[in-house]
Structures are given as C-alpha cells and as structure tokens.
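Take a look at the structure set out below.
The values are calculated or read from the model by the stated rules, or taken from the named source; none is laboratory data. Not measured: the values here are computed from a predicted model. All Cβ positions, even for glycine, are placed from backbone atoms using ideal geometry, and neighbour counts span all protein chains on display. All accessible areas refer to the heavy atoms of the entire protein, side chains included, with ligands and DNA or RNA removed. Shrake-Rupley method; radii C 1.70, N 1.55, O 1.52, S 1.80 Å.
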Amino acid sequence: MSVARRKKDAAGGEEDARVSSFPDEVLEHVLVFLKSHKDRSAVSLVCKDWYAAERWSRTHVFIGNCYSVSPQILVRRFPNIRSITLKGKPRFSDFNLVPPHWGADIHSWLVVLAKAYPFLEELRLKRMTVTDESLDFLATSFPNFRALSLVSCDGFSTDGLASIATHCKNLTEMDIQENDVLDLGGHWLSCFPESFSSLEILNFASLNSEVSFDALERLVSRCKSLKVLKVNKCVSPEQLQRLLVKVPNLVDLGTGSLLQELTIRQFAEVKSALGNCKKLHTLSGLWEVTSLYIPALSLACANLTFLNLSYAVLQNTELAQLLAGCPQLRRLWVLDTVEDKGLEAVASACPGLEELRVFPAAPYEPDLSGVTESGFVAVSRGCPNLRYVLYFCRRMTNAAVETVAKNCPNFTHFRLCIMNPCEPDYLTNDPMDEGFGAVVKHCSKIQRLAVSGLLTDRSFEYIGLYAKNLETLSVAFAGSSDRGMQYVLQGCPKLRKLEIRDCPFGNAALLSGLERYEQMRSLWMSACRVTMSACRILAREMPRLNVEVIKDPEGDEAHADKVYVYRSVAGPRTDAPPFVLTL
C-alpha cells in the first residue's frame with residue numbers, strides 16, 4: 001500500500017520536501033531492501049514521510065522483550081507485518097533463575113495478531129511460554145502460515161506440533177530447538193498430509209521420543225526442496241542413510257546417534273550417502289558417536305563452514321581426524337573432552353576459524369581435566385581471525401588471556417567462563433582483572449563480554465575506560481563494591497543489556513544508572529545487595545521504566561531478591577504472577 005503524500009507543515013515542510021523529493025512508491029520500494037531492523041529504525045527517524053514509508057513497507061519486526069511493547073501498539077504502528085521474532089523471559093531463565101509461570105505467554109499476542117495480521121507467515125519465538133492451545137490457535141488462524149521456530153520455549157507438547165503439521169498446508173519451516181517439551185511420542189510426524197510437500201527446514205533434534213520412521217521417510221521423500229534436516233538421537237545410521245539418499249541437496253544436517261554396529265555393506269551405504277552430500281555447510285547432531293564413523297563423516301566435511309559437536313563426546317584424536325577434512329571451517333562448537341590437544345588440532349587445521357565455543361561435558365565433576373589456558377592460547381595463535389569465543393574451563397591465567405587478546409584483536413564476543421566461582425589466576429593467585437583488562441584494551445570491537453573468576457572493581461574500571469562498543473555485559477560472582485557497576489554504567493555508552501548475579505553491588509550501584517536505563521534494553525540483578533526502597537526510588541524517578549522485583553517467599557521483606565528493569569512503551573504488564581512485584 002502506498003503512503004499518501006502528506007502536506008508539509010509550515011515549520012518543517014521545506015526540509016521534509018528536500019529529503020523526500022521522490023515519489024512515496026519509490027521510497028517504499030527502496031526500503032524493502034533494508035533487512036537490518038536497526039537500519040530500518042534509523043530510517044524511520046529521518047522525517048515524517050520516511051517514518052510513514054517505513055511503517056507501510058516493513059514486513060518483519062524483531063522484539064527483544066515481549067513486554068517492551070504490546071501487540072496492540074505493534075499492529076497500530078506496522079499494518080503489513082508478515083514475520084515476527086519475539087523474545088520473552090530474561091536470559092538468566094536458562095540457569096533456572098526465573099521461577100516457573102513468570103510470564104511471557106504467547107497466547108494474548110496471537111489473539112491480537114490473528115485479527116490484524118491474518119496474512120502472517122512467520123513466527124520465531126525464544127524463551128516464550130507456548131501451550132498446545134496456542135499452537136492449535138496458530139495453526140488454524142493464519143491460512144498462509146509458513147515458518148515456526150521455537151527456541152528455549154516451554155509449556156507445549158508434541159500434540160501442539162501435531163496441530164501445526166495437520167493444519168499448516170504451506171509450512172516451509174518447523175524448527176524446534178532446546179525446548180522444554182512434553183514429549184508424548186513421535187506420532188506428530190504422521191500428521192503431515194500425504195499431499196504435503198513444501199517443507200524446506202525440519203529440526204526436531206531436541207525431542208527424545210522415537211519417531212515414526214516410515215512417516216518421516218515419506219515426508220522427506222515428498223519435500224524436494226528440503227535444505228535443512230536435523231533428526232533426534234533415536235534415528236539410527238541405517239535410517240539416516242535412507243533419508244540422505246532422498247535429499248542430496250541438504251545444506252544443513254543434524255545426525256542421530258552413530259553407535260549402531262553395521263554390516264560391511266550397511267557401513268558402505270552410510271559412507272556413500274554422506275559422501276554424496278556435497279553441498280553441506282553445517283553438520284551437527286552426533287549425539288553419540290564412535291570413532292568408526294569418523295572417516296564416513298569426514299566425506300561430508302569438504303565444504304563445511306559450521307561444525308557443531310556440542311553433544312559429541314569426542315577425544316582429541318577423533319577431533320583431529322574430523323577436522324582434517326574441514327578446510328573451510330569458520331565456526332566450531334565442541335565439548336571439553338577434546339582437551340588441550342584437541343584445541344591444538346583446531347589451531348593447526350582451521351586457520352580461518354572465526355567462532356569457537358567449548359562447552360563442559362560434565363560441569364559438576366571437578367576432577368575431569370577438560371581444557372586449560374594452554375588450549376586457549378594455542379587456538380588464538382593458529383586462528384588469528386577469531387571474533388567470537390565462548391570458553392568453559394576450570395582454571396585460567398591473566399597472561400594467557402592477555403596473549404589471546406593480543407593474538408585476536410578483532411574479537412566482538414568474548415565469553416570466558418571459569419566454572420569455579422571467584423577462582424584467581426591459578427599460577428599467581430592474583431585476581432583476573434588484568435586479563436579482562438587486556439581484552440577490552442586490545443579488542444576495541446568488543447560488543448558482548450562475559451567475565452568470571454576472581455575480579456575486583458579494577459576489572460570494571462578497565463571495562464568502563466576501554467569498552468566503548470560494548471552492548472551486552474554478563475557478570476557473576478565478581479566485583480568489590482558499588483564502584484564496579486558504576487564504572488560500567490558511566491563508561492560504556494552503547495551498553496544495552498547488563499546481566500548481574502551474585503555480586504556485591506547495592507543501592508548506590510543500581511541508582512547510578514538512572515540516566516542510562518531508558519537507553520538500554522534491560523538490567524537484571526539477582527542475589528545482589530539491592531533493597532526494595534532503592535527499587536521504589538528507581539521506579540518513581542523513571543516512570544517509563546518497568547521495575548519488577550521477583551520475591552523469594554522465604555527471603556527478607558526489605559531485600560530485592562531479583563530485579564528486572566526494562567524500558568516499555570506499554571506500561572506495567574497485566575499478567576504478572578503474585579511473586580512478581582511491579583513498582
């Protein structure tokens with residue numbers, strides 16, 4: 001729909017006319033090519049005509065907090081939305097710090113969207129509560145619905161997925177990742193009609209039940225455009241082979257478990273099927289794998305850019321063998337069972353690596369060796385283009401972190417998790433201040449930083465002084481006093497999300513951000529030294545912020561156990577449970 005040309009007002013008309021000196025239809029057509037939500041938001045601020053053109057031409061919206069805006073406000077602002085990405089609970093819900101039934105239920109959104117956007121095609125949800133009722137409503141209310149992505153959501157069962165499969169005749173994407181699902185069995189795959197053939201993305205890797213393989217095989221056979229297939233651990237190698245021969249054009253494959261003993265003929269067939277996957281750029285799954293399958297998997301790795309081994313308990317020799325066939329790898333996720341020797345193999349085989357994530361295989365078993373600073377340094381020397389690192393370890397040194405920062409100055413994301421809280425440099429017994437200080441000094445592009453280990457206010461002073469592009473900071477078990485948080489709030493002009501738990505930051509720290517919080521997306525503080533009185537002051541001084549306190553039923557009345565502060569144009573939410581106090 002075209003925007004009607006607005007009459008210019010006396011004050012701003014001449015300037016607006018100079019900015020929008022071409023037809024509205026042309027402007028709207030140009031804006032279609034802007035994909036970044038940040039760019040589109042910036043465009044909308046240029047002038048009234050550009051605001052209106054951006055409003056009518058926008059088809060996708062990203063909402064980082066479902067309570068920052070209401071669905072009613074959304075549909076008034078953007079009348080032609082086809083795709084919505086919506087996030088709900090704070091990230092610390094991943095660590096069980098947000099109680100059950102906190103909120104972020106999608107259903108009230110769907111009721112409004114069904115009336116305003118019957119043409120909605122895509123819905124991507126993260127950390128939302130999604131019931132079977134909601135999935136059934138979604139499936140029957142949007143006749144053109146095409147893509148559903150649920151990441152870290154809860155509240156639904158496989159019966160809800162059956163509703164989507166039954167009613168969404170044009171579905172191209174069903175992506176179910178890391179959700180808390182009531183898995184009632186694999187019957188839902190049988191609900192796709194026999195005439196259905198439009199699927200391009202199918203990911204049910206995180207479900208546990210054995211699926212109806214006959215139904216899965218028929219579905220895959222019909223969907224000639226299937227590009228992404230991620231199956232769960234119940235799919236055997238022999239079954240995987242039968243699927244692969246039907247979809248040789250896959251670009252993203254998630255395998256099942258690779259433990260089954262095969263005959264020589266069966267293994268040859270699996271090897272041939274993997275070898276024919278010439279277009280793969282992402283490989284994941286490998287829930288359980290033996291070394292016998294590594295040569296077969298290597299045949300599918302020639303064009304890989306992303307290898308996700310975060311569920312594969314591989315040893316260093318097996319990793320080295322697999323990486324030898326991955327000359328184009330840019331992203332790698334592994335478990336710490338590969339140890340430092342495995343990371344040395346990464347350094348040798350993957351000089352173009354840009355992202356490395358090392359997860360703990362057994363975080364609560366401290367006797368396991370895992371990885372150390374030695375492997376971290378080795379990767380930094382062999383992979384100078386590293387931009388993103390997430391590294392779980394049990395010990396670290398300042399010298400190692402400084403070496404890594406100097407070797408990889410282009411880091412944008414640096415997340416180092418020393419799993420033992422308040423762990424010092426294990427060689428010098430000093431705090432880890434100088435190590436993280438080196439990161440922000442040498443890596444000026446840092447946007448996301450997660451700190452750990454024994455840290456004093458000195459480390460936060462470094463962050464405030466040097467991390468001028470920092471957008472997200474995650475802190476746990478760190479700091480000496482309120483000054484630490486104050487350094488960050490005063491010194492990081494682009495900060496958008498601040499996540500803090502178990503730190504000695506109190507009222508002075510919280511209130512030092514009065515002028516900053518409206519510019520940020522959110523602040524989370526739990527197990528800190530914040531009182532209810534300080535939270536009330538913040539709420540009174542900044543009425544456009546939502547200040548919520550999650551109370552511990554056994555906690556001190558004066559203490560604010562968990563504080564969640566976020567900006568909202570919708571005002572206080574109306575669905576807060578009794579344990580959430582909105583101030």
In the set ASP502, ASP430, the lone residue that is in contact (Cβ under 8 Å) with a residue 60 or more places away in the chain and open to solvent by 40 Å² or more (accessible area, probe 1.4 Å) is ASP502
Checked pairs for the range 133-154, first free of Cβ contacts under 8 Å to residues at least 24 places away in the same chain and part of a helix (DSSP H, G or I), second open to solvent by 60 Å² or more (accessible area, probe 1.4 Å) and of a type in the set (Lys, Arg), C-beta under 9 Å and 6 or more apart or across chains, list as none
Expected single match for aliphatic (A, V, I, L, M) and within 21 Å of LEU253 (Cα to Cα) among ALA349, ALA324 is ALA324
Might you let me know whether the range 196-207 holds any residue that is touching a helix residue (DSSP H, G or I) at 6+ places or on another chain (Cβ under 7 Å), among the β-branched types (Val, Ile, Thr) and either closer than 28 Å to HIS107 by Cβ or not in a helix (DSSP H, G or I) (or both)? no
query: Within the range 260-277, is there a residue that is touching a strand residue (DSSP E or B) at 6+ places or on another chain (Cβ under 7 Å), surrounded by 20 or more Cβ atoms within 10 Å (Cβ to Cβ) and at pLDDT below 95?
result: yes
Scanning the range 295-329 for residues that are in a loop (DSSP other than H, G, I, E, B), within 26 Å of the chain's Cα centre (by Cα) and hydrophobic (A, V, I, L, M, F, W, C), the one surrounded by the fewest Cβ atoms within 10 Å (Cβ to Cβ) turns out to be VAL313
All-but-one check, GLY12 against (1) modelled with pLDDT of 65 or more; (2) open to solvent by less than 60 Å² (accessible area, probe 1.4 Å); (3) out of contact with any helix residue (DSSP H, G or I) (no Cβ under 7 Å at 6 or more places or on another chain), failing number (1)
The number of residues in the range 433-451 that are part of a loop (DSSP other than H, G, I, E, B) and open to solvent by 40 Å² or more (accessible area, probe 1.4 Å) is 3
Quiz item: If you check VAL346 against the conditions, is it part of a helix (DSSP H, G or I), modelled with pLDDT of 95 or more and open to solvent by less than 40 Å² (accessible area, probe 1.4 Å)?
Solution: yes
Scanning the range 86-118 residue by residue, those assigned to a loop (DSSP other than H, G, I, E, B), surrounded by 21 or more Cβ atoms within 10 Å (Cβ to Cβ) and of a type in the set (A, V, I, L, M) turn out to be VAL98, ALA104, ILE106
